[in-house]
Every structure is written in structure tokens, then in C-alpha cells.
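Chemist: What follows is a structure written as C-alpha cells; I'll ask about it next.
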Amino acid sequence: MTTKRALRLHFAIGVLSTLALLTGCVPNRIYRPGPAAIETSPTIDGIPGGSHFKLAAIEFDDMGEAWEKCASMAEVDSCQLSRTVDLIRTEKQRAGDVVVVVFIHGWKNNASKQNEEKKNLHDFKVVMERLSHAEAMSVQGVHHSPAYVGVYMAWRGQVVAGDLFATFWNRRDAALRVGSTDFAESLYRIMGATKENSPNSRIVIVGHSFGARVLETALTNTFVSLLIPRPGSDDQSGQLSPADLVVYVNPATDSFRTKQMIELMQRTGFDVARGQTAGKSPLFLSVTSVGDTATGVAFPLGQGLSATSKSFRSHYEGTPQAPPQKTFFTHTPGHIPYLFSHEVHNASGPCISEQDMVRFHASGTCFELAPRSSRWNNTAFWVTTVPKQVIRDHTDIFNDGFATMIIELMKHYQVLNSPQATTMLHRQ
């Protein structure tokens, strides 16, 4: 792209952004202050009856700072985070163990009442009810089920009313700001509260779209320190992972962190152990729909404009099969086959998972998630695409097909019900 053309495009985007702001700005504000951050009996629009889970919300402003700053974590009512940690501990005392699911929403979402009626917050509550209700039914009369807690981590994903692409750059950059110290602290305090004195409690963390960018930014550096063997220690015996599964769904982020985490896992011989599944299980899972035009078309367009001011290597020494460096900047992980570890395709025969194959139903068809026959990425950081029957497009992430896929994967690899907590192993 020429400099003149880039300048013209920048000008056009500036005009569109100004017009968008004139049509209605979504305020930078907290939606669930004080006690409103906790729902002990969540209601779900369109679904009658009581719920089987608890819900907490933690909100961050446009600079990535928590709206409610904790004066002290010892004071339960100090802030949204302290209330959330107290909720997790209270549920552990009541039920013995907890399953905590953390969700970070993406572009064009927040924690508003409107979001609770028809967008990400509503859909997250529906999925939490499905998970918790299924658990309650499966163990009825056999043993106590763990308590389920959903944590909705919200930020200003929407700045103007409507569905305008002109906010891409603005929200892309905001996602990096949000995934900073306050957000990372919240994540690690939630993980700590889940795992403390409770080896059978589990935590799954999910980030969607730019929410995956927030999550990746907050988690990566700490996980780097955990993936590197500690000097003088016998890390082959393993250490407990702070999270049991981290899922990036239609991630709207460049691919450098994914690539580098995979390379780090390869260098350290990193594996994950859960019961009898050592060396096979994912710790990270990146899933992108082939119908996701937001990351397949809009993201390269937006990043391509930013790339005009950057310098890239033309190739990588020693890895001739790797694409040029610019590709990792302009494309998300789900659009770079070089990074793929697995693939999803139609399955024949019984729709039953076995060995390294996870089988599940979606849109009336049996699909199989299996390792690629020839792959560079053979680590616990799985990257795959799914057909439109599983996830239709960028926003269709809470449908029954994808939920079934994730539930079956967690069941097959004992993410939630392993007799052994998720353990990280280092071979080198």
C-alpha cells in the first residue's frame, strides 16, 4: 500500500469515526457497582425458573484500570474483585469444590443491561446454566456436585452505538491497555481462590475476539515464567497449573504470542498431565471458524494499514516452511495453517471419542477433532479451525454445536473431572 493511499484511508476512517461518535457514544462507565457485581440467583432473559450457578462481574475502564479499586482484599465489600474472590471461597465452603468459568467478552460488548438481554452477557449466562444444570443432573443421587461460578470480566468493548468497523483500531489498542496489571491481578487472584486448598476445583478461562487479545496480554508473561524450568528444581515431577484450560475463540489478535508460546513449549519439552492423559491434553486452545470474516478479512485489512509503518523480516532462518514475519502481524492464529495442530472434519462410524480423537455432534452431523497428520505444532497449545456448522461466524460462539465440542473435549481429556489436578511437566 502506498503512503498516499494509506493517508487517504486514514483520513476516510477519521471521518467515519467522527460521524460515528456524533451518532451516539457508549459511555466509559461502570454498570455493576457494589453489591450489583454479584448475582447469587442469576435470572436469564427468556429462560424461566431458577439457575444452578452464581455470577460475578469485574469491570475495567478504557485505560485498563479496575473501576473499583480494592482498599484491601481482606475487606469482602472493598471492590468487585474482593466480592468475586469471596463468592468463590463461600461456594467452596458450601459445596466442597467449585468449577469457575471466566469469560472475557470482545468487540462491541460490555456489562450493560442491554448486553444482559441479548448479547455476550446473556449468552454467557445461558451457557453457565447449561453446564451447571447438566452437572447437577449427572450426579443426582450419587454424590455432591461442585458449585459453578461464572465470572464476566468486562471492558469498554463498544464505544459507539451500532456495528461500525471504524472502531477497529480504537478497540484493538484498548484491548492491549485493558490486559495490563489490574486485569492480570484479577485473573490470578481468581485462579488462586479457585485452587487454594482445593485440588479438585477447576477453572476454565475463555476470551473471545478482542477479549482473547486482552486475555493473551494478561496471561502470557506469567505463563512464560511457569513454562521455564526453575533453576535447581526437579520440574519433571510437575507443578500445578493455575488454570485447567485457556480458550481463545475467534481471537482478534496477531499471531506472535501464539507462535512464540508454541516455540517455548517445544524448547522446554512442555507437557500437561491429567490422570492418564499425560502428553496429549491441551492447556491452551485457539479455535477459529472458517466463516469468521471479521478475523479473516477485516483483521488483515486493519492490520495491513498499521503494517505500512513497520519493518518485518522476509523469512526465518532454519524454518523455511514458516510464512514471512508480516503474516504473523496481519493474520490471527486461525488463519495461519503453519500454526495448526488439529483439524475438525466430518466423522464416519459411531460418534464416540477415543484416543486422540474427540467426536461430537453439531448441526445434525458428527465431527471429529483430531491431530493433523503433518504438523509443526505438536504442543499443548492447540490451534484449529472449525466449519461453519460448528461456529457460523465471528459472533456465533455460544451455539449448541460449539458448546458440545468444548464439553466433549473437556470430558475426553478430564479437564473438569480428572482425579489429578492439571499438572505442568518440563522435559528439558
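Chemist: What does the charge dipole of the chain about its Cα centre add up to, to the nearest 20 debye, if the Cβ of each Lys and Arg holds +1 and the Cβ of each Asp and Glu holds -1?
Modeler: On the way: 41 positive and 39 negative charges, 210 e Å.
I would put it at about 1000 debye.
Chemist: Taking only Cα atoms of region 291-404, what ratio of Rg to Rh do you get with Rh as the Kirkwood inverse-distance radius?
Modeler: 1.04
Chemist: If N is the number of residues in region 186-312, what value comes out of its Cα radius of gyration divided by 2.2 N^0.38 Å?
Modeler: Compactness ratio reported: 1.20.
Chemist: Dipole of region 311-428, Cα-centred, from +1 at each Lys and Arg C-beta and -1 at each Asp and Glu C-beta, to the nearest 20 debye?
Modeler: Taking the Cα centre of region 311-428 as origin, the dipole is about 320 debye.
Chemist: Right, something else. Taking the Cα centre of region 234-354 as the origin and placing charges on Cβ (Lys, Arg +1; Asp, Glu -1), which of L240, F256, S341 is farthest toward the positive end of the dipole?
Modeler: The listed residue farthest towards the positive side: F256.
Chemist: Now for a separate question. From the phi of every residue in region 30-46, what ³J(HN,Hα) in whole Hz does the Karplus formula 6.51 cos²θ - 1.76 cosθ + 1.60 yield, where θ is phi - 60° and glycine or proline is x?
Modeler: Each residue of region 30-46 in turn: 8, 9, 10, x, x, x, 5, 6, 10, 10, 7, 9, x, 9, 10, 4, x Hz.
Chemist: Just check region 326-390 against the gyration tensor rule for me: Cα atoms, a ≥ b ≥ c as the square roots of the eigenvalues, rounded for a/c under 1.5, and otherwise prolate or oblate depending on whether a/b exceeds b/c.
Modeler: Cα axes put region 326-390 in the oblate bin.
Chemist: Okay, moving on. First select every other residue whose beta carbon is under 15 angstrom from the beta carbon of R375; then total the charges, Lys and Arg +1, Asp and Glu -1.
Modeler: 0
Chemist: How large is ³J(HN,Hα), in whole Hz, for each residue of region 374-386 in order, when computed from phi with the Karplus curve 6.51 cos²θ - 1.76 cosθ + 1.60 and θ = phi - 60°, using x for Gly and Pro?
Modeler: Result, ordered by residue: 10, 9, 7, 8, 10, 9, 7, 9, 7, 10, 8, 10, 10 Hz.
Chemist: Explain nothing, just the number: relative contact order of the chain, from Cα pairs under 8 Å at least 6 residues apart, as a whole percent.
Modeler: RCO, the chain: 16 percent.
Chemist: Report the antiparallel proportion of the DSSP beta bridges in the chain as a percent, rounded to a multiple of 5.
Modeler: About 40 percent, rounded to the nearest 5.
Chemist: Charges on Cβ only, +1 for Lys and Arg, -1 for Asp and Glu, centred on the Cα centroid of the chain; of Q321, L283, F381, which one is farthest towards the dipole's positive end?
Modeler: Of the options given, the answer is Q321.
Chemist: Limiting things to C-alpha atoms, what are the Rg and the maximum Cα-Cα separation (Dmax) for region 63-136, in angstroms?
Modeler: Answer for region 63-136, Rg first and Dmax second: 14.6, 40 Å.
Chemist: Pull up the cross-link candidates among the lysines for K92, meaning alpha carbon to alpha carbon under 17 Å and not fewer than 8 places away within one chain.
Modeler: Result set, ordered by chain and number: K54, K195.
Chemist: For every helix of n ≥ 4 consecutive DSSP H residues, a contribution of -39,500 (n - 2.57) applies; sum these over the chain, divide by its total residues, and give [θ] at 222 nm rounded to the nearest 500 deg cm²/dmol.
Modeler: After summing the helix terms and dividing by the residues of the chain, the value is -11000 deg cm²/dmol.
Chemist: Whole-Hz Karplus ³J(HN,Hα) for region 258-263, in order, using 6.51 cos²θ - 1.76 cosθ + 1.60 and θ = phi - 60°, x for Gly and Pro?
Modeler: 4, 4, 6, 5, 4, 4
Chemist: I've got another one for you. In debye to the nearest 20, how big a dipole does region 156-197 give about its Cα centre with +1 on each Lys and Arg Cβ and -1 on each Asp and Glu Cβ?
Modeler: 60 debye
Chemist: Restricted to Cα positions, what overall size does region 274-350 have along the principal axes? Three whole-Å values, descending.
Modeler: Projected onto the principal axes, the Cα atoms of region 274-350 cover 50, 32, 22 Å.
Chemist: List the longest stretch of the chain that has no exposed loop site; here a site is one of the trypsin sites (Lys or Arg not before Pro) assigned by DSSP to anything other than H, G, I, E or B, with at most 15 other Cβ within 10 Å.
Modeler: For trypsin sites (Lys or Arg not before Pro) (loop position, at most 15 other Cβ atoms within 10 Å), the longest site-free span of the chain is 70-309.
Chemist: Here's a follow-up. How long are the three semi-axes of the equivalent ellipsoid of the chain, in whole Å, if each is the root of 5 times an eigenvalue of the C-alpha gyration tensor, listed from largest down?
Modeler: Output for the chain: semi-axes of 31, 28, 22 Å.
Chemist: S41 versus S374, label points 7 Å from Cα toward the beta carbon: distance in nm?
Modeler: The modelled label-to-label distance comes out at 6.1 nm.
Read the figures in this text as sums done on the coordinates, not as results from a lab. As the structure is a prediction and not an experimental result, all values here were calculated from the model. We place every Cβ from the backbone using ideal geometry, glycine too, and count neighbours over all the protein chains shown.
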